[in-house]
Amino acid sequence: MDLSQIDWTPLEISFRTSVVATLIAFVLGVTAARLVLGLRGRVQAVLDGFFTLPMVLPPTVLGFFLLVIFGRNSPIGRLLMDIGIRIIFSWEATVIAASVVAFPLIYRTVRASFEQIDPTVIQAARTLGIPEILIFLRIMIPMAWPGAAAGTILGFARALGEFGATLMIAGNIPGKTQTIPISIFFAAEGGNMQLALLWVLIIVAISFSVVIAMNLCGRRKG
């Protein structure tokens, strides 16, 4: 197989999508973790279940929900179309799908890291009159950072390997929405097993590197 003849855009699309999706999922995950941490009782349980739901649902189900939300017949879809924004079958759709599947991993990890912070430290800061926003930014985030970093790395790997939801909402458009997992599927379906194997080896190498990085973050936390 001549490597010079291979279209490497799926690698670039996957990395670009995963980086943007991980940043979005990190911001939303940290915010959601802080929100749920301050709640109690049934409200906390319901919100926690809602935020964790994408982790247990099949990717095709997530893709269907995203189609319902951003499709042409939905209120959001029509509103976006009216202002000239088309989500379905666009690169932005790959980012949305990847963000949805990466979010619960980051959220759960960050929340667990927040829960491990000694509450007496937070209480002492409040006693000193430090505003809540500064407690969050200057105490909670730094103390939870090792665990949050490991969760973020894991979320990046999940975003990189997303297939089902991406295929449903973004499709398989070469040079635009064709990520590595989608390339593997269609290469194997078309009988080009060498190309499929090449992409498999690449994504396995990336995933293995992610696992090593996550383990290093765990050691630093220890």
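The values are calculated or read from the model by the stated rules, or taken from the named source; none is laboratory data. All figures in this text were calculated on a predicted structure; none of them were measured in a lab. Here Cβ is always computed from backbone atoms with ideal geometry, including for glycine, and neighbour counts include all displayed protein chains.
Of the residues examined, Ile83 is not one that is under 27 Å from Pro10 (Cα atoms) and among the hydrophobic types (A, V, I, L, M, F, W, C). Count of the stretch 36-73 residues, restricted to those that are surrounded by 14 or more Cβ atoms within 10 Å (Cβ to Cβ) and more than 16 Å from the chain's Cα centre (by Cα), is 12.
Search the stretch 168-180 for residues being touching a residue at least 40 places away in the same chain (Cβ under 8 Å) and under 19 Å from Ile202 (Cβ atoms), and hand back the single one that is surrounded by the fewest Cβ atoms within 10 Å (Cβ to Cβ). I'd like the intermediate steps shown before the answer.
Taking the stretch 168-180 as the starting set, the residues that turn out to be touching a residue at least 40 places away in the same chain (Cβ under 8 Å) are 168-171, 173-180.
From what's left, under 19 Å from Ile202 (Cβ atoms): 174-175, 177-180.
Numbers: Pro174: 13, Gly175: 11, Thr177: 23, Gln178: 22, Thr179: 32, Ile180: 23.
Filtering the stretch 168-180 for residues that are touching a residue at least 40 places away in the same chain (Cβ under 8 Å) and under 19 Å from Ile202 (Cβ atoms), the one surrounded by the fewest Cβ atoms within 10 Å (Cβ to Cβ) comes out as Gly175.
Of all the residues in the stretch 66-114, those that are within 21 Å of Asn172 (Cβ to Cβ), assigned to a loop (DSSP other than H, G, I, E, B) and not small (Gly, Ala, Ser) number 5. Inside the stretch 5-45, residues that are aromatic (Phe, Trp, Tyr), within 24 Å of Ala150 (Cβ to Cβ) and free of Cβ contacts under 8 Å to residues at least 60 places away in the same chain make up a count of 0. Of all residues in the stretch 147-161, none are out of contact with any His (no Cβ under 6 Å at 6 or more places or on another chain), of a type in the set (Gly, Ala, Ser), without any contact (Cβ under 8 Å) to a residue 60 or more places away in the chain and over 22 Å from Val20 (Cα atoms).
Against the definition (at pLDDT below 90 and either closer than 24 Å to Leu167 by Cβ or not charged (D, E, K, R) (or both)), how does Ile87 come out, yes or no? So Ile87 fits the description; yes. Taking the stretch 89-103 as the range and being in contact with a helix residue (DSSP H, G or I) (Cβ under 6 Å, 6 or more places away or on another chain) and among the β-branched types (Val, Ile, Thr) as the test, the residues that pass are Thr94, Val95, Val100, Val101. The condition of being closer than 22 Å to Met140 by Cβ and not aromatic (Phe, Trp, Tyr) holds for only one of Arg40, Arg78, Arg86, Arg72, that being Arg40. Residues that are free of Cβ contacts under 8 Å to residues at least 24 places away in the same chain and crowded, with 16+ Cβ neighbours inside 10 Å were ranked within the stretch 101-141; the one that is farthest from the chain's Cα centre (by Cα) is Ala125. Scanning the stretch 1-35 for residues that are among the charged types (D, E, K, R) and either assigned to a helix (DSSP H, G or I) or farther than 20 Å from Leu198 by Cα (or both) yields a total of 3. Among the numbered conditions (1) closer than 23 Å to Thr109 by Cα; (2) surrounded by 15 or more Cβ atoms within 10 Å (Cβ to Cβ); (3) free of Cβ contacts under 8 Å to residues at least 40 places away in the same chain; (4) among the aliphatic types (A, V, I, L, M), the only one that Leu80 does not meet is (1).
Table: residues versus (1) under 19 Å from the mean Cα position of the chain (by Cα); (2) not polar (S, T, N, Q).
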| position | (1), (2) |
| --- | --- |
| Met143 | no, yes |
| Ala148 | yes, yes |
| Thr152 | yes, no |
| Ala159 | yes, yes |
| Phe163 | yes, yes |
| Ala188 | no, yes |
| Leu195 | no, yes |
| Ile203 | yes, yes |
